[in-house]
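Worksheet for the structure shown next.
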Amino acid sequence: MGHVIAVSGKGGVGKTTLCGLLIQYLCESGKCPVLAVDADANANLNEVLGVEPEITLGELREEIERAGVDSRYQIPSGMTKQAYLEMRLSDAIAEEDDYDLMVMGRTQGQGCYCFVNGLVQTQVQKLQSQYPYIVVDNEAGMEHISRGILPMMEVAILVSDCSRRGVQAAGRIAKLMK
Ligand SMILES: Nc1ncnc2c1ncn2[C@@H]1O[C@H](COP(=O)(O)OP(=O)(O)OP(=O)(O)O)[C@@H](O)[C@H]1O
Ligand SMILES: [Mg+2]
C-alpha cells in the first residue's frame with residue numbers, strides 16, 4: 001500500500017510549493033510513480049507541476065449532473081450514471097513520466113463538495129496500491145481534516161510561515177488530527 005502524505009496549513013504559507021518540491025524529490029529519488037492529488041477547490045498544483053489535467057473531478061460531477069438536462073452532456077444510452085462515472089474517472093488522472101495528477105477542482109452550487117470529497121477519498125483508497133507515494137495538497141485550514149476525507153493518511157506535513165496565525169493554524173490542525 002502506498003504512503004499517503006497530506007500537506008496542510010493556513011492559506012498562502014507554501015503548501016502547494018512544498019507539494020511540488022516533494023513530488024520532484026520523490027521522483028528524482030526513484031520513488032515513483034507518485035500520485036499527486038490536488039484536493040484544493042482553488043486548484044493550482046497543476047501550475048506548479050506544469051501539467052494540464054483533461055478534466056477535474058468537480059467538472060466530471062457537473063457533466064454527469066447535467067446529462068439529460070443539457071444536450072451538451074450525454075451519457076451513452078444503456079449506461080447508468082455510476083457506470084459512466086467509473087469509466088470517466090481515468091480521464092481525471094493526467095499521466096506524466098514519473099507521476100500522475102488528479103485534481104478535485106470546483107463544483108457549482110451549494111452543498112456539492114460532499115460528493116467530490118467522497119470521490120477524492122474513494123479514488124485515493126482505490127489507487128493506493130498502485131503508487132508507492134500519494135501526495136495530497138489540501139485547501140487552507142481544517143476543512144479536509146474535519147470532514148475526514150483522508151482516513152488513509154499516514155503522514156501529515158503541517159506548513160507554517162513565521163506568523164503567529166500560521167503557527168496557531170498548524171497547532172489546531174495537529175490537535176484535530178490527534
Ligand atoms: N519558502 C518560501 N519562501 C518564500 N516564498 C514562498 C515560499 N514558499 C512559497 N512561497 C510563495 O508564496 C506564495 C504562496 O505559495 P503557495 O501557493 O505554495 O501557498 P499555499 O499554502 O499553497 O496557498 P493556498 O492556501 O492559497 O493554497 C507563492 O507565491 C509562492 O511562490
Ligand atoms: Mg495551495
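The values are calculated or read from the model by the stated rules, or taken from the named source; none is laboratory data. No experiment lies behind these values; they were computed from the predicted model shown. Note that each Cβ is placed from the backbone with ideal geometry, even for glycine, and that neighbours are counted across all protein chains shown. Ligands, DNA and RNA are excluded from the accessible area calculation, which covers all protein heavy atoms including side chains. Shrake-Rupley method; radii C 1.70, N 1.55, O 1.52, S 1.80 Å.
What to note about this one:
- Count - residues of the stretch 2-16 that are open to solvent by less than 40 Å² (accessible area, probe 1.4 Å) and either more than 16 Å from ligand 1 (Cβ to nearest atom) or of a type in the set (S, T, Y) (or both): 4
- Count of the stretch 133-150 residues, restricted to those that are over 14 Å from the mean Cα position of the chain (by Cα) and surrounded by 15 or more Cβ atoms within 10 Å (Cβ to Cβ), is 2.
- Residues (touching a strand residue (DSSP E or B) at 6+ places or on another chain (Cβ under 6 Å) and open to solvent by 80 Å² or more (accessible area, probe 1.4 Å)) located in the stretch 32-82: none
- Qualifying residue in the stretch 97-118 (condition: touching a strand residue (DSSP E or B) at 6+ places or on another chain (Cβ under 6 Å) and either among the β-branched types (V, I, T) or surrounded by fewer than 16 Cβ atoms within 10 Å (Cβ to Cβ) (or both)): yes
- The stretch 17-100 holds helices (runs of 4 or more DSSP H) entirely within its bounds, and those carrying 2 or more residues that are farther than 24 Å from A140 by Cβ and away from ligand 1 (no atom under 16 Å from the Cβ) map to 57-66, 81-88.
- Filtered residues of the stretch 4-53 (kept if within 11 Å of ligand 2 (Cβ to nearest atom) and of a type in the set (V, I, T)): V7, V13, T16, T17, V48
- Members of the stretch 141-162 that are in contact with a helix residue (DSSP H, G or I) (Cβ under 9 Å, 6 or more places away or on another chain) and in a loop (DSSP other than H, G, I, E, B): G141, M142, G148, I149, L150, P151, M152, M153, S160, D161
- Search result, residues across the stretch 106-140 that are away from ligand 1 (no atom under 16 Å from the Cβ) and in a loop (DSSP other than H, G, I, E, B): T107, Q108, G109, Q110, G111, C112, Q128, S129, Q130, Y131, P132
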